[in-house]
Amino acid sequence: MERAIFAGGCFWCTEAYFIEIDGVDDLNPGYIGGNVDNPTYEMICTGNTGHVEAIEIIYDSTKVSYLNLLEIFFDTHDPTQVDGQGNDIGSQYMSAIYYTNDRQKQDAANYIEKIFSNYTNPIITKLYSEKPFFIAEDYHKNYFKNNRGQPYCQIVIEPKYNGFISKYNSLLKK
């Protein structure tokens, strides 16, 4: 099993996509990159801890490649928006990849270079070496699946999720 760590805005959104991918064995929403040990959701929402909302993906690289994960990551969030995604604004929602080895770092840099011309604005996704990852409170795990009736899920996640399911059908768990 391998690990990938992506920060692409609200972790409820990013988790909803990646949990559906065949080869993703486990997925944890959490916090990374800050200056406080064991932060809480309330703490990071202030934007003062330096953490970002992120997901830790545990995956089987014989079923899904890191390049597949990068493609999904960039396709399911706006890598050109500074400190936010849509209406979720703040440094805790920045776009970042926390690579766990040199191959991931190089693959991510190469992928950004490959897709750079697809965007009108510059890609601002940051690449960082892995830092301590703090798993979020239990109620965040599988948030979309467990809270589909919640207005945020219906308005923000559901429309993008439906498009994702159609586009990436060949990579989904059967």
Hits in segment 73-113 (condition: in a strand (DSSP E or B) and farther than 13 Å from G9 by Cα):
Y98, Y99
In segment 18-75, what count of residues is obtained for those that are over 13 Å from F134 (Cβ atoms) and among the hydrophobic types (A, V, I, L, M, F, W, C)?
15
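Here is a yes/no grid of residues against (1) within 27 Å of G33 (Cα to Cα); (2) in a helix (DSSP H, G or I); (3) free of Cβ contacts under 8 Å to residues at least 12 places away in the same chain:
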site: K131; (1), (2), (3): yes, no, no
site: F134; (1), (2), (3): yes, no, no
site: G149; (1), (2), (3): no, no, yes
site: F164; (1), (2), (3): no, yes, no
site: K174; (1), (2), (3): no, no, no
Residues of segment 83-117 being in contact with a Ser or Thr (Cβ under 6 Å, 6 or more places away or on another chain) and either modelled with pLDDT of 95 or more or among the hydroxyl-bearing types (S, T, Y) (or both), which ones?
S95
State whether one or more residues within segment 31-42 are within 16 Å of the chain's Cα centre (by Cα), at pLDDT 95 or above and part of a strand (DSSP E or B).
yes
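The values are calculated or read from the model by the stated rules, or taken from the named source; none is laboratory data. Every value quoted in this text rests on a predicted model; they were computed, and no experiment measured them. Here the Cβ is made from the backbone with ideal geometry for all residues, glycine too, and neighbour counts use every protein chain on show.
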